[in-house]
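Report on the following structure.
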Amino acid sequence: MPPLPPDAPLLSLAMMVKNEEAFLEDALRSAAPYVDEMVVVDTGSTDRTVEIARDLGARVEYFAWCDDFSAARNYSLRACRGRYLLVLDADERLRGPADPRALRGHLRPGKAHPFEGWAMKVLNVQLDGTPISSFLSVRVFPNDPRLAYQGRVHNRFGSLDPAHPTIAASVFGDFEVLHFGYDKAIYRARKKAERSLPLIEQMVREHPTDAAYRYYLGRELLGLDRPRDAQIALTEAVRLGLDAGLAGNVGEYASQLLVAVGQTGEGAEPALALAAQVVERVPGNADLWFHMAQTLRRIGQNTDAAVCYDQCLASLGGESESPSLVAHKRWAVLEDLGHTLWDLQRFHNAYATFLVAAEEKPLETDGWPKLLNCLCALAIELGDDERLPPLLDALVDHAEAPLGMLFFEVDRRARRQGLPAARALLEHARTRAPRVAQDPEYAGLAARVGVGG
């Protein structure tokens, strides 16, 4: 690549696409305020992708697909004229300050130039915005042919110059990239796993001691509902990562291994032994603590599971917080911990934990019926008369929550406070939710406390 001319634009968007008409417009609009040119490299679209790109002012180039994502992505880099490059995919959105100068002001050569870059947090989200996971990824870097991607699939950015093998990376804290491609419906509709699997298998054959490619293989096999094959690949990924001195994100490898174990129901003990080796060396990995806790709980080791849940929460609270699934779902850790403490009969601790989980847990998530039932039971058992009324209201309001705790409290009030108090509670609940009167237990209870039809 010849030297850039003095009047070269400052920042170019580089994007490779194929059949992205559903996503491309929003992706380009998200990046347009921050860049001087947009370059879209098409690898064989048969829909309106090219037309949309041109309508939004992008320059379209073409690349003949050769089963190599890095080759296509590197072609998009070399097609750009800017001094610096911003890399996005069509199913991603750039989110940052409204002032474009917030990004452009960083683009000046540093001490390591051109072997430098700027990372952004990539937030994997479902289409409704629910977080799935997050990680840091270098997305802005100088336009230099010695900086490129490698690997046919799940390509990795870095230096091609043996004399400068590393990249000096800093973080754009005010920017993040939203990625929708791992939404389950989208992932399956695009058949990404089927497309990627042969390429990953080839990379594993070519690089048999590379832990990352074993991990990619295991993750794709999980996506194809082949957990036993995934477990084999992920076990090897963790072992290779440990042997290489924690090469790659071995904490994530161990986490996914435990996910596979949860699906197969086999091999929990050896997987936990490997995970223990990893977490001893990277104790701040909240995801790994979480999956260890879940695995221990499944095999009945609740005391050890509670310790791991506590370690997970502690990891989320520190400066070394790992960008992960549980970083966006602390309520899920608390909810699991509460159920574990319940099973250990540590009821005061379980109640306190459930209360915090209920404050953080989104209303649209699963698990509310069981959580509300536990909260009401513990409020009654522990005599929390202040919190019990709103908890019973929440129980009644949830269409799927069992009403047993409500009816139990009506009976208890009849014995302790008299029939008027019991009638008042039952009438309040019936007025609040018609389903109360439709429950099989209602008629007999209503007759006992004197509530008319």
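Where a number appears in this text, it was derived from the coordinates with a stated rule and is not lab data. Keep in mind that this is a model prediction, so the values were computed, not measured. Cβ coordinates were reconstructed from backbone atoms using ideal geometry, including for glycine residues, and neighbour counts include every protein chain displayed.
Side notes on the structure shown:
- Inter-site label distance for residue 408 and residue 22 at 7 Å from Cα along Cβ, in nm: 4.6 nm
- For the stretch 11-182: rounded, prolate or oblate by the Cα gyration tensor [a/c cutoff 1.5]: rounded
- Taking a ≥ b ≥ c as the square roots of the eigenvalues of the Cα gyration tensor, an a/c ratio of 1.5 or more together with a/b no larger than b/c marks the stretch 366-449 as oblate.
- Amide hydrogen proximity for residue 116: with H placed 1.01 Å from N in the peptide plane, the residues at 5 or more positions away or on another chain lying under 5 Å are 168.
- Between residue 55 and residue 428, the C-beta separation translates, for a Förster distance of 41 Å, into a calculated FRET efficiency of about 0.10.
- Cβ-Cβ distance of residue 421 and residue 263, R₀ of 60 Å, FRET efficiency by 1/(1 + (r/R0)^6): the value works out to about 0.75.
- Note on residue 393 and residue 7: with the Förster distance fixed at 51 Å, the Cβ-Cβ geometry gives a FRET efficiency of about 0.15.
- Charge context of residue 297, other residues only, Cβ under 15 angstrom, K/R +1, D/E -1: -3
- The relative contact order of the chain comes to 8 percent, based on Cα pairs under 8 Å that sit 6 or more residues apart.
- Inter-label distance, residue 171 to residue 360: 1.8 nm, where each label sits 7 Å from its Cα along the C-beta direction.
- Length gained on full extension, residue 104 to residue 225, computed as 0.36 nm times the residue gap minus the Cα-Cα distance: 39.2 nm.
- With a Cα cut-off of under 25 Å and a minimum spacing of 8 residues unless on different chains, the lysine pairs in the chain number 15.
- The stretch 365-453: GluC sites (Glu not before Pro) in DSSP loop, at most 16 other beta carbons within 10 Å: 386, 400, 441
- Potential lengthening between residue 345 and residue 205 on full extension [0.36 nm per residue; Cα-Cα distance subtracted]: 45.3 nm
- Convex hull per residue volume in Å³, alpha carbons only, for the chain: 184 Å³
- Once you reduce the stretch 3-37 and the stretch 332-368 to the center of their Cα atoms, the two points are 45 Å from each other.
- Potential lengthening of the chain between residue 243 and residue 132 amounts to 37.0 nm, from the contour at 0.36 nm per residue minus the alpha-carbon distance.
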